[in-house]
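Please treat every number below as a calculation from the coordinates, not as lab data. This is a predicted model, so every value here is computed, not measured. Note that each Cβ is placed from the backbone with ideal geometry, even for glycine, and that neighbours are counted across all protein chains shown.
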Amino acid sequence: MKIISINAGSSSLKFSLFNMDDESVIASGLFERIGIEGSKYTIKFRGEKVSQEIELTNHTDAVKVLLDKLVDLEIIQSLDEIDGVGHRLVHGKDKYSESVLINDEVVSDLDKFKDFAPLHNPANILGINAFREVLPEVPMVGVFDTAFHQTMSPATYLYSVPYSWYQNYGVRKYGFHGTSHRYITKMVAKLLGKEEFRLISCHIGNGGSITAVKDGKCVDTSMGFTPLAGIMMGTRSGDIDPSIIPYVMEQEGKNASEVVDDLNKRSGLFGMSEYSSDMRDILEKCDLQDEKAIIARDKYVRRVVDYIAQYYVLLGGADVIVFTAGVGENSIPVRRQICEELACLGVKIDLDKNNKRGEVVKISTEDSSIQVYVIPTDEELMIARDTLDLINR
Ligand code: ADP
């Protein structure tokens, strides 16, 4: 069985083609600058990389080129080999708590919910429609970023604001990165050989969120109504006092969406360091004793530790902490600093084991009160697994 996982952005389309017999990646790649001058694609397969500039006026063009290339490059013999297409979908509001076979209703819901994810939902629809046009007979599955978090209780997902905001406008915590946190939950179940455990899953990349999981279900997560909430990120502020917004609007003569744009794109590591959103750059500057970089790094670590501590209490203790995504999988000093700040909970890591990148590794010592793992996330595989599962039902 071969399944394609698709992540469609407003001007991009990422894909991974899986052989589900052994869950191996047959090919993967990116179509970028769709509808913009200088569009191109890159396809990786069998250790090779093919890249070409080609006019792509819309997502349908990109899908046509993708399928042609898969055959031309002999990655597959014919399009009949593609058994299903899985789409990463961002916002399913409180209607979708699991992945679904895509039909007209799903597409119309994505459109209905577009105010909740104005950049992502319309792009997801473009991706779906492109495949519908080019591969109309092949079943498609939608995997929502928000779905895993639908098990939160009302006391967790409601904000302490007028109830009518929730009732009338859907103002509540939704949470994101659900596919990643679900993948991590499944990996931990496999590693521990059981389904019952208290897990704190730290997805820390350019975007970042932390999720508390009990017995396989999300209990709380750090992102909120939008991905701006929670921990500090590459360019996002995370939680702040909302009164800052009207104050800065007044000071800088900006409107609300301009200030929210500052909070999304010019805050976080980037805003605090006035240098870069990339943790590698920040750590280099820290080595040079750059004061702003040091404060930015320390604040970043502090916010992760705050959430781990909060979820430790919420879960009544923790069995496992997992680090994943760009920073979590790769940044040895950041993991070390976070774990050192958790020493009062009895967390101890082995510095040699922590000295690894991008592989599954248990970095805690045998006498640590909580097992700490690094687990590379794989949202594409999770999407492919859900797709296979639903088309086989
Ligand atoms: P996204 O949220 O865009 O998917 P990623 O999960 O790929 O982001 O994370 C990207 C971030 O990971 C980069 O901005 C960088 O800060 C961080 N990163 C990647 N490799 C390293 C590394 N070796 N050391 C520290 N940070 C790293």
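Things to note:
- Here is the list for segment 4-51: GluC sites (Glu not before Pro) lying in DSSP coil, each with at most 15 other C-beta atoms within 10 angstrom of its C-beta, are 23, 37.
- Rounded to the nearest whole Hz, the Karplus-based 3J(HN,Hα) values (6.51 cos²θ - 1.76 cosθ + 1.60, θ = phi - 60°) of segment 340-350 follow the sequence 5, 6, 9, 4, 5, 8, x, 7, 9, 10, 8, with x at glycine and proline.
- Packing-based exposure ordering (other Cβ within 10 Å, fewest first) of 194, 44, 214: 194, 44, 214
- Taking other C-beta atoms within 10 Å as the exposure proxy, 231, 308 rank 308, 231 from fewest upward.
- Residues whose amide H falls under 5 Å from that of residue 56, counting only those 5 or more places apart or on a different chain, are 35, 39, with hydrogens built in the peptide plane.
- Ranked 148, 45, criterion: other C-beta atoms within 10 Å, fewest first: 45, 148
- Ordering 209, 244, 230 by Cα displacement along the dipole of segment 205-276 toward the positive end leaves 209 in first place; charges were set at the Cβ atoms of Lys, Arg (+1) and Asp, Glu (-1).
- Its Cα centre serving as origin, segment 273-387 has a Cβ charge dipole (Lys and Arg +1, Asp and Glu -1) of approximately 160 debye.
- Its Cα centre serving as origin, segment 132-201 has a Cβ charge dipole (Lys and Arg +1, Asp and Glu -1) of approximately 280 debye.
- Evaluating 6.51 cos²θ - 1.76 cosθ + 1.60 at θ = phi - 60° for every residue in segment 96-108, the Karplus couplings come out as 10, 9, 8, 5, 9, 5, 7, 9, 4, 5, 4, 5, 5 Hz, glycine and proline recorded as x.
- Relative contact order, percent, the chain [alpha-carbon distance under 8 Å, six or more residues apart]: 14 percent
- The residue among 176, 219, 27 whose Cα reaches farthest toward the positive pole of the charge dipole of the chain, with charges on the beta-carbon of Lys, Arg, Asp and Glu, is 219.
- When only the Cβ of Lys, Arg, Asp and Glu is charged (+1, +1, -1, -1), the dipole of the chain relative to its Cα centre reaches about 700 debye.
- Close amide-amide hydrogen proximity is noted between residue 220 and 212, each under 5 Å apart and 5 or more residues distant or on a separate chain (H modeled in the peptide plane; Pro and chain starts excluded).
- Amide H within-cut-off set for residue 350, under 5 Å, with H built and near neighbours excluded: 364, 365
- Under 28 Å from the Cα of residue 40 - lysines, other chains or at least 8 residues apart: 2, 14, 49, 64, 69, 114, 265
- Euclidean distance between Cα centres, segment 292-308 to segment 55-112, Å: 38 Å
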